[in-house]
Amino acid sequence: MKIGVFICHCGENIGRTVDCPRVAKACEWLPGVDVSLDYKYMCSDPGQNMIKDEIRKRKLDAIVVGSCSPHMHEKTFRKAAVDAGINPFLVEIANLREHCSWVHDDIDSSTDKAIDLVRMAVEKVKRNVPLTTIEVPVTKRTLVIGGGIAGIQAALDVANAGYEVVLVEKEPSIGGHMSQLSETFPTLDCSQCILTPRMVEVYQHPRIKLMTYSEVEKVEGFIGNFTVTIRKKARHIDEDKCTGCGLCITKCPTKKKAFNSFEEDLAYRPAVYVPFPQAVPNIPVIDETICMYYKNGKCGMCVKVCGREAIDFHQQDKIVTEEIGAIIVATGYKLYKIDKKPDDSPIKGYGEYGYGKYKDVVDGLQFERIASASGPTSGEFKRPSDGKEPKKVVFIQCVGSRDESKGFSYCSKICCMYTAKHAMLYKHKVHDGEAYVFYMDIRSGGKMYDEFVRRAIEEDGVKYIRGRVSRIYEKDGKYIVRGEDTIAGMPVEIDADMVVLATAMIAQQDASELAQTIGIPYDKYGFYNEAHPKLRPIESTTGGVFLAGACQSPKDIPESVAMASAAAAKALVLFGSDKLEREPVVAYVNESLCAGCFYCKKVCPYGAVEVKEVKDRNGVVYKEVAYVNTGLCQGCGTCTATCPSKSVELAGFNNEEIFAQIAAL
Amino acid sequence: MKEQNWEPKIIAFVCNWCTYTGADLAGTSRLKYPTNVKLIRVMCSGGIDPVFILKAFERGADGILVSGCHPNDCHYNAGNFHARRRWTFFHELLDYLGIDKNRLQFSWVSASEGKKFVDVVSKVVNDVKAMGPFKGYEELNNEFMTEFPDVSGVDESMILKEKEGEAV
């Protein structure tokens, strides 16, 4: 094997503390080295041409470049090598700048170290194996999980770019939390008015396959090549036949038997229902748990009234598989219900606020429904207990947020804004009412956001009290809110008619399960992790899986929409080429050595190790060995260190190469 | 005389994403550390085999540093957890074999911790300097030779040469 060594001075950057000619001269005598040269700027055009010429002239098999960090110019030199006709993986970089000249002062010892570093690289490159970039095909279809505003936006963007989308929503209708909101800050736009046209657009889009009341069961495969199994839960209503007339809903006799979760349990719904009148698709669902038919086999009122014969009590869940190239996860958030705490939960909750005990202590989303024109009170402010108009409303911020002792240490980000909005909406309708807000800090970063909060205080006369509330209790039909005004430095007591808690935004209940299904990491709160907090906030660490909206961290609507569009753009980048190229740094298995213990399978963070059957010439399986799916493998090499028989190796970093480096010292 | 001029050989096994980049940052920040340490880059600390370390000791390393991303920051999600578990056991094993645990040190150094990298490297070099050269393998070889002087595959002359070299 003929190896060329090229030592770069990097101007004075390396040359000042490393005697480059001496390094080049010392390396000439290394076994296998055919030529060893030094040059002022190896990465410059003349430098690269020098490398290319030497490769061609001397028919070199491999090269070692002593220069800056491989993170800097490895690609440059690999490209030069390819141009001159050698495999890019027969190029090794000895890091003489960041790891030698810049961190040492003494010329003698740093030159010695530089020679050692080059020698290590030479020994490694001798053992390097030519590798070829892996090409995998791309299925140009996107799966969007979650039909809230983020999912809707992502689906529309991808579909409008000309690619097919499968949108999966677990509820009977898309729309998500945004459809529950009354008005949105800071413009006080009606939430439904701006959302429902988008929902309809999704429903009618020729390239969007909408699957509501469905859940993702299994995700197999890898970037560009996922196979997704989706469970389409039984609606008990034939989607093709139903026209959405709603006659079954009005005639259903099992009224007031179940809380309406869309109305945040402030109203009831019958057994056959649509979550809200503007639902998309406007096809009802029969709730098996309360329907009379499933209890005693009688009733069947809906069957009688349905002119289209769309009711099907015996409908079963359907399992659908889809071939997908990119996945956008937009599963959103839920509100922290402070009363319902499982026994094993480390979160304590706020028993002293009486949520769940007092009907008039409500959370943010419940207040949205009360304020909404389509809500249970038709937009009139009536308290849930007796339907009277509350004259004094206390809003408490940071319930569960920024409070490690009782909730979560993070800031839920939107509560400052929506509390200001709530107080404003209330003051707009109840002119003689009083609104008090207990706050810790006002965090209103965003375009027109701080102005909005100021408007609530200055124009609408909402009274802001800086401090925490210690207790809420009932006395003579009033709720006594006892807190502290930390600016005045005195305790406060307010006899409120109604209390609204701005509870924390938390991850969906099944967020961690879905993360495990897809194979993406999540943080200790259940929010999904981005690949890099600054530079890759949209991608998950798993290739081809992108994040959008509040499933990643608490977010408001414009941020969720922006993130969704970004995720769509990321998916489209993936679809920009027919084949996907990737570095061939992946693990491979020596099947004759593999004993089939599958420890590698246990430690692989990507589930890239599969079981492969080895058959003899008669087709009889005589052993099982590990097999690495190169599409899934990201090349960490954890399996190689785990393998007891050393039969799995990482291409580009195999044991022989590393031992050679060790031995060179 | 020889003891005074002795400089330890330190090998650092570092992951590509955090510590190698952290070492790059130490360079770009022009922080200084001793020349004794040489880095071997692997993709993930999870891929560092204990055999690498034994081999390095066998080949005359006096101290070894293993470093990767901080727990929960692994580029590959979980590689460093496997590494941590593996090294906890391996460290104890070294102790059992009578090798000073300080010869093998672990640290989490992220890509933004150039200063920490310098501190860690300097500490390892100082610790190893205080301990002196690692003779464990040499002694083992000598012991082996006196017990089984005619074992095939072990070239006795090589060992003698090494001894001579040491005496010079």
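Matching residues to (1) open to solvent by less than 30 Å² (accessible area, probe 1.4 Å); (2) modelled with pLDDT of 90 or more; (3) within 21 Å of A:A651 (Cα to Cα); (4) more than 11 Å from chain B (Cβ to nearest Cβ):
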{"residue": "A:G47", "(1), (2), (3), (4)": "yes, yes, no, yes"}
{"residue": "A:V91", "(1), (2), (3), (4)": "yes, yes, yes, yes"}
{"residue": "A:N95", "(1), (2), (3), (4)": "yes, yes, yes, no"}
{"residue": "A:V125", "(1), (2), (3), (4)": "yes, yes, yes, yes"}
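The residues of segment A:64-75 that are crowded, with 16+ Cβ neighbours inside 10 Å and either within 17 Å of A:G32 (Cβ to Cβ) or without any contact (Cβ under 8 Å) to a residue 40 or more places away in the chain (or both), listed by number, are A:V64, A:V65, A:G66, A:S69, A:P70, A:H71, A:M72, A:H73, A:E74. Across segment A:282-305, what is the number of residues that are closer than 10 Å to A:H236 by Cα and part of a loop (DSSP other than H, G, I, E, B)? So the answer is 3.
Might you check whether a residue that is open to solvent by less than 70 Å² (accessible area, probe 1.4 Å), at the interface with chain A (Cβ under 9 Å from one of its Cβ atoms) and hydroxyl-bearing (S, T, Y) occurs anywhere in segment B:120-127? The answer is no; no qualifying residue exists. The set of residues in segment B:51-60 being surrounded by 21 or more Cβ atoms within 10 Å (Cβ to Cβ) and at the interface with chain A (Cβ under 7 Å from one of its Cβ atoms) consists of B:F52, B:A56.
Name the residues in segment A:102-116 that are touching a helix residue (DSSP H, G or I) at 6+ places or on another chain (Cβ under 6 Å) and either more than 12 Å from A:C27 (Cβ to Cβ) or not assigned by TED's automatic domain parsing to the domain that holds A:C68 (or both), would you? Correct list: A:W102, A:V103, A:H104, A:S110, A:K113. In segment A:604-663, counting only strands (runs of 3 or more DSSP E) that sit wholly within it, the ones holding 2 or more residues that are crowded, with 19+ Cβ neighbours inside 10 Å, more than 11 Å from chain B (Cβ to nearest Cβ) and modelled with pLDDT of 90 or more span A:621-628.
The set of residues in segment A:590-603 that are in a helix (DSSP H, G or I) and surrounded by 15 or more Cβ atoms within 10 Å (Cβ to Cβ) comprises A:Y599, A:C600, A:K601, A:V603. Against the list (1) in contact with a Cys (Cβ under 9 Å, 6 or more places away or on another chain); (2) under 27 Å from A:G467 (Cα atoms), the condition A:Y528 fails is (2).
So, A:V620, is that one β-branched (V, I, T), closer than 27 Å to B:G47 by Cα and out of contact with any Pro (no Cβ under 8 Å at 6 or more places or on another chain) or not? For A:V620, the condition - β-branched (V, I, T), closer than 27 Å to B:G47 by Cα and out of contact with any Pro (no Cβ under 8 Å at 6 or more places or on another chain) - is not met. Among the residues of segment B:65-115, those identified as away from chain A (no Cβ under 13 Å) and of a type in the set (V, I, T) are B:T88, B:I99, B:V109.
Checked against the criterion of being open to solvent by 50 Å² or more (accessible area, probe 1.4 Å), within 7 Å of another protein chain (Cβ to nearest Cβ), within 28 Å of A:S645 (Cβ to Cβ) and under 14 Å from the mean Cα position of the chain (by Cα), segment B:6-26 has no qualifying residue.
For segment B:64-80, a residue qualifies if it is open to solvent by 20 Å² or more (accessible area, probe 1.4 Å) and in contact (Cβ under 8 Å) with a residue 12 or more places away in the chain, and the qualifying residues are B:H70, B:P71, B:D73, B:H75, B:A78. For the condition more than 19 Å from the chain's Cα centre (by Cα), surrounded by fewer than 21 Cβ atoms within 10 Å (Cβ to Cβ) and within 19 Å of A:A550 (Cα to Cα), A:E171 qualifies.
Can you tell me which residues in segment A:193-212 are open to solvent by 20 Å² or more (accessible area, probe 1.4 Å) and not hydroxyl-bearing (S, T, Y)? Across segment A:193-212, the qualifying residues are A:C193, A:I194, A:P197, A:R198, A:V200, A:E201, A:Q204, A:H205, A:P206, A:R207, A:K209, A:L210.
For segment A:49-63, the criterion of being closer than 18 Å to A:M120 by Cα and open to solvent by less than 50 Å² (accessible area, probe 1.4 Å) is met by at least one residue. If I ask for residues that are open to solvent by 10 Å² or more (accessible area, probe 1.4 Å) and either under 22 Å from B:K115 (Cβ atoms) or more than 7 Å from chain A (Cβ to nearest Cβ) (or both), which ones from segment B:34-50 would you list? Across segment B:34-50, the qualifying residues are B:P34, B:T35, B:N36, B:K38, B:L39, B:R41, B:P50.
The values are calculated or read from the model by the stated rules, or taken from the named source; none is laboratory data. Note that the coordinates shown come from a computational prediction; the quantities given were computed from them, not determined experimentally. Ideal geometry is used to build each Cβ from the backbone, glycine not excepted, and the neighbour counts take in all protein chains shown. Just the protein is used for accessible areas: all its heavy atoms, side chains included, with ligands, DNA and RNA removed. Shrake-Rupley method; radii C 1.70, N 1.55, O 1.52, S 1.80 Å.
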